[in-house]
Amino acid sequence: MTDTDEHALPEVLDDGAGRTSRLRAFAKRLDSQRGLLAAARRLRRRLPGDEKFGDPLSTAGPAPVEVVARSVSTLSPERRSVAQELGLAGLQLWQSLSEAAGRGRGDQSVALLFTDLVGFSSWALEAGDVATLELLRAVGTAVEAAIHAHDGRIVKRLGDGVMATFLEAPSAVDAALDAQDAMAQVEVDDYRPQMRAGVHWGRPRRLGGDYLGVDVNIAARVGDAAKAGEVVVSDPVLERLDVERLEVGRSKRLRAEGAPRGMRVARVSRPE
C-alpha cells in the first residue's frame, strides 16, 4: 500500500461514517414529520379495531399481538414516531381480526361468571399458607374443570375465585351448578369451603387480556348477591334458560352500587 493509499483510507472511512450519520439524521427527521404522523393517525382511525391500541391497558394480556405491541410501544418514547404509529396500525388490525375469529370477544354478547369463596379469608388466616395453598389448588381444579367442560374461557383468577366467559347463558349456569356439586368433594383439614357464583349476560369490552365495562361490574355484583352454596343469575340470563329443568327462586331487585335500578336477580338450582 502506498503512502497515498494510507492517507486515503481514513478519509474513505470518515466519509462512510459521515454518510451513515447523515442517513440516520434524515430518517429521524422523516420519522417525526408532522404530515406523515397525521397521515398515520388517520389510517389508524379508519382501520377496524381499537385506534388507541398500544397503551398499557390495551396491551396487558399474554396474547402474541399484545406482547409484540408492548415492545413496539417502547420505541422512541421521547418523541412521536411514524414508524411506531404504522407498527401499531398493523397490530391494531391483527388484534381486530383475532377478536373477530375468537370466541366471545369483541362486541359479541357473552355470559359472565364470577365465583368466590365465602368466609375464606378468615379461615386462611388461621389455617396458614400450606393448608390455604392446598385448598386453593383443590378448589381451582374443581371449578375450572366445570368451566372447561362447558366450553367456558377463564379470563382471570381472583385469588379464591375466577371470572369466566361463555358463549351461551345455559352453559355458564350449568358450569356454575357443576362447580357447586364438585365443591362438595373438597375438604382440607376438616374444612369444607363454600362457594357462591353469579352469572350475567352482557356485552363487555375486551381490552388486553381482560374484559372491562358496565356489564363486568354488574356480573360481579350479581355474584356478590349470592349466599354460600348458591348460584344467582340476572334477568337477562334467566330469559335465556329453560326454567322447566331448574328450580328458580323468587326474583328480587339487585341492590348494589353500580347496578341498574331495574336489574333483578334470582337463585337457580337443579331439582333434588
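Numbers for the structure displayed
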{"quantity": "Pairs where the first residue, in region 258-272, is within 18 Å of A228 (Cβ to Cβ) and the second is assigned to a loop (DSSP other than H, G, I, E, B), C-beta under 6 Å, 6+ apart", "calculated": "V265/L254; A266/G249; A266/S251; R267/E230; R267/G249; V268/L246"}
{"quantity": "Identity of the residue in region 76-108, of a type in the set (S, T, Y) and buried (at least 16 other Cβ atoms within 10 Å of the Cβ), that ends up modelled with the highest pLDDT", "calculated": "S81"}
{"quantity": "Conditions (1) out of contact with any Gly (no Cβ under 9 Å at 6 or more places or on another chain); (2) under 18 Å from T115 (Cα atoms); (3) open to solvent by less than 20 Å² (accessible area, probe 1.4 Å); (4) not charged (D, E, K, R): number failed by L246", "calculated": "(2)"}
{"quantity": "Looking only at region 219-243, and only at residues there that are within 23 Å of F120 (Cβ to Cβ) and outside any helix (DSSP H, G or I), the one that is most open to solvent (accessible area, probe 1.4 Å)", "calculated": "K227"}
{"quantity": "All positions within region 222-243 that are under 11 Å from L112 (Cβ atoms) and at pLDDT below 95", "calculated": "none"}
{"quantity": "Members of region 126-139 that are assigned to a helix (DSSP H, G or I) and farther than 15 Å from L177 by Cα", "calculated": "E126, A127, D129, V130, A131, T132, L133, E134, L135, L136, R137, A138"}
{"quantity": "Residue in region 198-216 that is more than 22 Å from Q108 (Cα to Cα) and assigned to a helix (DSSP H, G or I) present", "calculated": "no"}
{"quantity": "Matching residues, region 139-178, being among the hydrophobic types (A, V, I, L, M, F, W, C) and within 22 Å of E239 (Cα to Cα)", "calculated": "I147, M163, A164, F166, L167, A169, A172, V173, A175, A176, L177"}
{"quantity": "Residues satisfying the stated conditions in region 152-168, i.e. over 11 Å from G140 (Cβ atoms) and among the acidic types (D, E)", "calculated": "E168"}
{"quantity": "Residue in region 202-218 that is within 23 Å of A142 (Cα to Cα), crowded, with 22+ Cβ neighbours inside 10 Å and in contact (Cβ under 8 Å) with a residue 40 or more places away in the chain present", "calculated": "no"}
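Condition check ((1) surrounded by 20 or more Cβ atoms within 10 Å (Cβ to Cβ); (2) charged (D, E, K, R); (3) closer than 17 Å to L241 by Cβ; (4) at pLDDT 95 or above) across all residues:
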{"position": "R157", "(1), (2), (3), (4)": "no, yes, no, no"}
{"position": "P170", "(1), (2), (3), (4)": "no, no, yes, yes"}
{"position": "Q180", "(1), (2), (3), (4)": "yes, no, yes, yes"}
{"position": "D190", "(1), (2), (3), (4)": "no, yes, no, no"}
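Condition check ((1) under 21 Å from G159 (Cα atoms); (2) assigned to a strand (DSSP E or B); (3) under 19 Å from the mean Cα position of the chain (by Cα)) across all residues:
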{"residue": "V173", "(1), (2), (3)": "no, no, no"}
{"residue": "L177", "(1), (2), (3)": "yes, no, no"}
{"residue": "V268", "(1), (2), (3)": "no, yes, no"}
{"residue": "P271", "(1), (2), (3)": "no, no, no"}
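The values are calculated or read from the model by the stated rules, or taken from the named source; none is laboratory data. All values derive from a computational prediction rather than experimental measurement. Neighbour counts run over all protein chains shown; Cβ positions are idealised from the backbone, glycine included. Note: areas computed on protein heavy atoms with side chains; ligands, DNA, RNA excluded. Shrake-Rupley method; radii C 1.70, N 1.55, O 1.52, S 1.80 Å.
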